[in-house]
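The values are calculated or read from the model by the stated rules, or taken from the named source; none is laboratory data. As the structure is a computational prediction, the values presented were derived from the model and not from experiment. Methodologically, a virtual Cβ is constructed for each residue, glycine included, from the backbone with ideal geometry; neighbour enumeration extends over all protein chains shown.
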Amino acid sequence: MGKLTGAEIFIESLYHEKVETIFGYPGGAVLPIYNVLYDAKFEHIMPHHEQGGIHAADGYARSTGKVGVCIATSGPGGTNLVTGLATAYMDSVPIVAFTGQVPRSMLGTDAFQEADITGITTPITKHNYLVQDVKDLGRIIKEAFHIASTGRPGPVLIDIPKDVLLEKCEFLYPKELNLPGYSPNYNGHSMQIKEAAKAINEAQKPVIYSGGGVIISGASDYLRQLAKKGSIPVTTTLTGLGAFDERDDLSLGMLGMHGTTEANLAVSNADLLIAIGSRFDDRVTGKLEKFAAEAKVIHIDIDPAEVGKRVEIDIPIVGDVRRILEKLNPLVEDRSREDWSKQIDNWRKLDDTEVIEKKKLSPKQIIENISDLTQGDALITTEVGQHQMWSAQFYQYTKPRSFMTSGGLGTMGYGFPAAIGVQVGNKDKNVFALAGDGSFQMNSQELATVAKNKLPINIIIFNNGYLGMVRQWQEMFYERRYSSVCLKKQDDCPPGCSSPGDHCPIMIPDFVKLAGAYGIKAKRVSKKEDVRSALEWAINSPEPILLDFIIEEEENVFPMVPPGGSLDKMVLKGDVE
Amino acid sequence: MKHTVSVLVANESGVLARIASLFSRRGFNIESLSVGKTQDDHISRITIVVEGDNKVLEQLTKQLNKLIVVHKISDLTNEEVVSRGLALIKVTATAATRSEIMQIVDIFRGKIVDVSSNSIMVEITGTEEKVNAIEDLLRPFGIKELVRTGKIAMARGRK
């Protein structure tokens, strides 16, 4: 191939890795890359903030299963990636992030736009590299894509000094990998798999607790097979939603802090818990000593560090979920468990509490309409907070990779830019960015990216004038002392008023006008009878649409397990002692 | 409980920082640390002594294993090992005390590596306990300066 510059090697390596789309923001240290990108054949999406770029790469990766690729310049470009890397690391999302760096001779001199980005990102990446020689660049890129996408996936960062991008060397993309310190274990131990099958066959009240790992490993079909064969009810975590079709009788929905009654009671009363690709997060388990206290526990996960991390495991199986289920399912006996399913059906009824009619729109009505109009075929992203939990509860998920949300890190500002990546990776799909009025403002600059790329995303704002989830906690645990949660509060508000409402003169911002400033069509919806038609308008429109739904200000998310409480002590609605 | 962990790592920049950050995240204080090349130029061995609960250490070992730069970890705590540390101790020495100090050093099979009109520098190698013992015996004479390496350890026999 002859001699290539570092920047050309970068491009060639990405071709070798079959990259189609890059989310990148230019800057001084990556000028050589952008000079070559000018002629390259990638789809390049420029966000309006590097954080938006990496969340978009994350949404692209979660929804397509491919590696998300993003570029940022040195210094602030790199530090703006930090939240996106941490988000992807917590939820095991494969991303390769490239950052420019000051020339090697200036490293460590506090040069203009210098930040020690490998130092900064070490604890929030699966691995990272500072390229010190152009001869290493091809190998490093190959390793990075391999590490990001195999085993338990995660983000990898490659920091490239500007002079390395300009230097030339012979280029040959390596065929082999040499990573003696990296060998994920895919095949579960066959004795352990037999043990697990025996435990399943002996159990009277088993429950499957399925996490994001099932989606990552592409094991949804095997999960369904296992559940059906043994008549085992399935509850999923937040990031696991979609792995199991919620229309199925065996579906219990989500478990944990805002899980369904039937999921939490089933786990609390189970005699066998089958944890698959999940990690016993504190938002799932509540009080750890009470979590599945009666149950024997099987844990299937690819990451040995997750096994036994928070809970003692009776039957640990380390390996790829799909491969393990492939071997486990034939050993599981066909049987029905009628007593158990009857008991669960009784618990289901506890959820059907009467809905109190309120004056303003209910989030439930809006989301159920989206679910109904799209028949579970839409791709949903969320921010973090009340609307995120409502989106988890009221949309009926039917397939994997249809729900993109920041589960582990809980990143407000994730969902809207993530929707950009989701739409770019799934051009023919209906994409919904569900957002609170607080969260949306954390990355609303990406309206420009949506407008410029004509991405037909449906942006749905749940506007209650509050940082709703914080307000809910202040209501429940801090005697309604609403501190810094009113999004409309101004200097001249009457003293003692802590609640936004119709008496507030202005909207900050007016989301319809904000969308208008970017040339995006938008509508404010405040009447129940207009909800469905507005959604239909958005779905049928080939352009991006923003809908600003004015919802009840003090709506809460229920059921709720108060933090540190045990799962069988749920608050179904109203007050907590 | 005190643990000795031996970690084989890639011999490249930034490795120590990656390992140290896993310990600091858990609030573990590294008691001693030694790093050096092995028979293979591409691989270094890090020997770490830490104080901590067994369960937490097990979790930490798993986390260490996840680092791409880590090739192998062995917990040598309950193994049959030979372990050594080295110390240089500068002791105040007068005409009156010099010979007594030299006797102590002799008993411990240490070496005197420098002498001045008012001090002696002692080199001592051995297990942690042995180095502690000579330090205690020399203390009454007045220790002006002391430097100790981290512990290095190797399993006995064919392992």
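A few points about this structure:
- A:Lys205 more than 27 Å from the chain's Cα centre (by Cα) and surrounded by fewer than 18 Cβ atoms within 10 Å (Cβ to Cβ): no
- Which listed residue, of B:Val70, B:Val56, is surrounded by fewer than 16 Cβ atoms within 10 Å (Cβ to Cβ), of a type in the set (Val, Ile, Thr) and under 30 Å from A:Ala148 (Cα atoms): B:Val56
- Within the range A:468-577, helices (runs of 4 or more DSSP H) holding 3 or more residues that are under 25 Å from A:Ile366 (Cα atoms) and of a type in the set (Gly, Ala, Ser): A:531-540
- B:Phe23 at pLDDT below 90, not in a helix (DSSP H, G or I) and not assigned by TED's automatic domain parsing to the domain that holds B:Lys130: no
- Criterion: within 14 Å of chain A (Cβ to nearest Cβ) and not small (Gly, Ala, Ser) - qualifying residue of B:Lys66, B:Lys90, B:Lys37, B:Lys2: B:Lys66
- Selected residue [among the small types (Gly, Ala, Ser), at pLDDT 95 or above and at positive phi] from A:Gly211, A:Gly218, A:Gly259, A:Gly230: A:Gly218
- In the range A:285-293, the count of residues that are without any contact (Cβ under 8 Å) to a residue 24 or more places away in the chain and either surrounded by 15 or more Cβ atoms within 10 Å (Cβ to Cβ) or closer than 24 Å to A:Ser391 by Cβ (or both) is zero.
- Every listed requirement among (1) buried (at least 24 other Cβ atoms within 10 Å of the Cβ); (2) out of contact with any Phe, Trp or Tyr (no Cβ under 7 Å at 6 or more places or on another chain) is met by A:Leu255 save one, (2).
- Taking the range A:371-404 as the range and being part of a loop (DSSP other than H, G, I, E, B), in contact with an Asp or Glu (Cβ under 6 Å, 6 or more places away or on another chain) and more than 13 Å from A:Thr239 (Cβ to Cβ) as the test, the residues that pass are A:Gln396, A:Thr398.
- Candidate set: the range A:117-143, residues that are at the interface with chain B (Cβ under 10 Å from one of its Cβ atoms) and not hydroxyl-bearing (Ser, Thr, Tyr); chosen: the one farthest from A:Ser74 (Cα to Cα): A:Glu143
- Subset of the range B:114-142 that is of a type in the set (A, V, I, L, M, F, W, C) and closer than 25 Å to B:Ser83 by Cα - its residue that is surrounded by the most Cβ atoms within 10 Å (Cβ to Cβ): B:Val122
- Helices (runs of 4 or more DSSP H) fully within the range A:13-85 that include at least 2 residues being closer than 17 Å to A:Val96 by Cβ and either free of Cβ contacts under 8 Å to residues at least 60 places away in the same chain or β-branched (Val, Ile, Thr) (or both): A:31-37, A:50-64.
- Of all residues in the range B:69-83 being within 23 Å of B:Arg156 (Cα to Cα) and touching an Asp or Glu at 6+ places or on another chain (Cβ under 9 Å), the one that is nearest to the other protein chains (Cβ to nearest Cβ): B:Asp75
- Residues (charged (D, E, K, R), closer than 30 Å to B:Ser119 by Cβ and in contact with a Leu (Cβ under 9 Å, 6 or more places away or on another chain)) located in the range B:38-91: B:Lys90
- Restricted to the range A:353-391, and to residues there that are buried (at least 16 other Cβ atoms within 10 Å of the Cβ) and among the hydroxyl-bearing types (Ser, Thr, Tyr), the residue that is modelled with the lowest pLDDT is A:Ser362.
- Residue count, the range A:251-273 (criterion: in contact with a Pro (Cβ under 6 Å, 6 or more places away or on another chain) and within 17 Å of A:Gly212 (Cα to Cα)): 1
- Top-ranked residue of the range A:302-339 - restricted to ones that are without any contact (Cβ under 8 Å) to a residue 40 or more places away in the chain and closer than 22 Å to A:Ser231 by Cα, ranked as nearest to the other protein chains (Cβ to nearest Cβ): A:Pro330
- Of the residues making up the range A:405-440, just one is part of a helix (DSSP H, G or I) and of a type in the set (Ser, Thr, Tyr), namely A:Ser439.
- Any chance A:Gly496 is under 23 Å from A:Gly385 (Cβ atoms), surrounded by fewer than 16 Cβ atoms within 10 Å (Cβ to Cβ) and modelled with pLDDT under 95: no
- Flag if B:Glu100 is of a type in the set (Asp, Glu) and either crowded, with 19+ Cβ neighbours inside 10 Å or within 14 Å of chain A (Cβ to nearest Cβ) (or both): no
- Some residue of the range A:98-109 being within 10 Å of another protein chain (Cβ to nearest Cβ), assigned to a helix (DSSP H, G or I) and surrounded by fewer than 16 Cβ atoms within 10 Å (Cβ to Cβ): no
- Selection status of A:Gln192, loosely packed, with under 15 Cβ neighbours inside 10 Å, modelled with pLDDT of 95 or more, touching a strand residue (DSSP E or B) at 6+ places or on another chain (Cβ under 9 Å) and closer than 30 Å to A:Gly256 by Cβ: no
- Options B:Ser13, B:Ser32; residue that is hydroxyl-bearing (Ser, Thr, Tyr) and more than 13 Å from chain A (Cβ to nearest Cβ): B:Ser32
- Check on A:Lys488, surrounded by fewer than 19 Cβ atoms within 10 Å (Cβ to Cβ), basic (Lys, Arg) and not assigned by TED's automatic domain parsing to the domain that holds A:Ala392: no
Table: residues versus (1) polar (S, T, N, Q); (2) over 21 Å from A:Pro542 (Cα atoms).
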site	(1), (2)
A:Met442	no, yes
A:Pro456	no, no
A:Arg471	no, yes
A:Ser483	yes, yes
